[in-house]
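S.K.: Here it is, the structure in full.
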Amino acid sequence: MQIEMAWRDERVNVFALSGVSMGIRLEPQLFVCKKRPIGHRGPFVLDPRKGRPRFQLSQLGATAQETANQTAYVLSYLAEVDNYLHVPVNYDVFAGLCAEGWFSLWNPSAPLAYFEDLQDGYLALMRVSRLDAEIPEQVLEHGRSGANFIYYLDPPITVQKLHPVLRPDLYERRKGELMAFLSDHNWLLGEEGPTASRELETESLFDASESSERPARRR
């Protein structure tokens, strides 16, 4: 399998998606917030963003962040976007997700600040797998020089066997529980796949606003 791109996200999100211990009891996280579906499904190399979180963590998340900052993240995890759950953007939705353990590393104000004035947004559901080998950091260096959350590897890499962080049956069960939780509260507006698009709208990871830049391309 050839891997061409990386997905950079907040450090605690990447650790939680990967199931990497941060010194707390936590089920692997299923999703991250996105303002719109993107045009690539992946798989992406997961790359933890450097620096302080842009938004407010919960008390649990602050504890996790301290541990994550002192822990080296091994570049051995790939994420594939399963689909996007379309949800309304309001305090009750994210207070519920945070309180019920689906997004417990964050204060409910964090996704509200991320989505800014939007009335609706998306939860990007991700299937994450671990590789037997570590990905060379130098293939990420060119893409990391840009601001976008996804970027191209330089050069692409070929990987062999993947080991799911969550067994497929367990992933499907937890996904079903999440969708049922949202549906029971009338918070599930729909389910969408990645959008087919020649141009890829992305967002900057260095401020809270969206940008329409392309990901950094291979030289």
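S.K.: Using only C-alpha atoms and all pairs of different ones, pull out the Kirkwood radius for region 2-192 in Å with one decimal.
M.R.: It works out to 17.0 Å.
S.K.: Sort out for me the Cα centre separation of region 2-23 from region 114-157, rounded to whole Å.
M.R.: First find each Cα centre; the distance between them is then 8 Å.
S.K.: Now, a different point. Find, to one decimal place in angstroms, the Kirkwood hydrodynamic radius of region 1-111, where the mean of 1/r is taken over every pair of different Cα atoms and then inverted.
M.R.: 14.6 Å
S.K.: In Å, the Kirkwood hydrodynamic radius of region 8-54 over pairs of distinct alpha carbons?
M.R.: Computed over Cα pairs of region 8-54, the Kirkwood hydrodynamic radius comes out at 11.9 Å.
S.K.: Which order results if R41, R11 are arranged by neighbouring Cβ count within 10 Å, fewest first?
M.R.: By the 10 Å Cβ count, ascending: R41, R11.
S.K.: I would also like to ask the following. To the nearest 500 deg cm²/dmol, what mean residue ellipticity at 222 nm is calculated for the chain from DSSP H runs of n ≥ 4 alone, each contributing -39,500 (n - 2.57), summed and divided by the residues?
M.R.: -8000 deg cm²/dmol
S.K.: Can you sort R173, R127 by how many other beta carbons sit within 10 Å, fewest first?
M.R.: R173, R127
S.K.: Run the dipole for region 2-192 about the Cα centre, Lys and Arg Cβ at +1, Asp and Glu Cβ at -1, nothing else charged, and hand back the magnitude in debye, nearest 20.
M.R.: 320 debye
S.K.: Find the relative contact order for the chain and round it to a whole percent, using C-alpha pairs within less than 8 Å whose residues are 6+ positions apart.
M.R.: Computed over the chain, the figure is 28 percent.
S.K.: Which number gives the lysine pairs in the chain that have C-alpha atoms under 26 Å apart and are eight or more places apart or on different chains?
M.R.: Qualifying lysine pairs in the chain: 5.
Computed from the coordinates by the stated procedures, all read-outs in this text should not be read as laboratory data. In this text the structure is predicted, and so the values were computed from the model without any measurement. Every residue, glycine among them, receives a Cβ derived from its backbone with ideal geometry; neighbour counts consider all protein chains shown.
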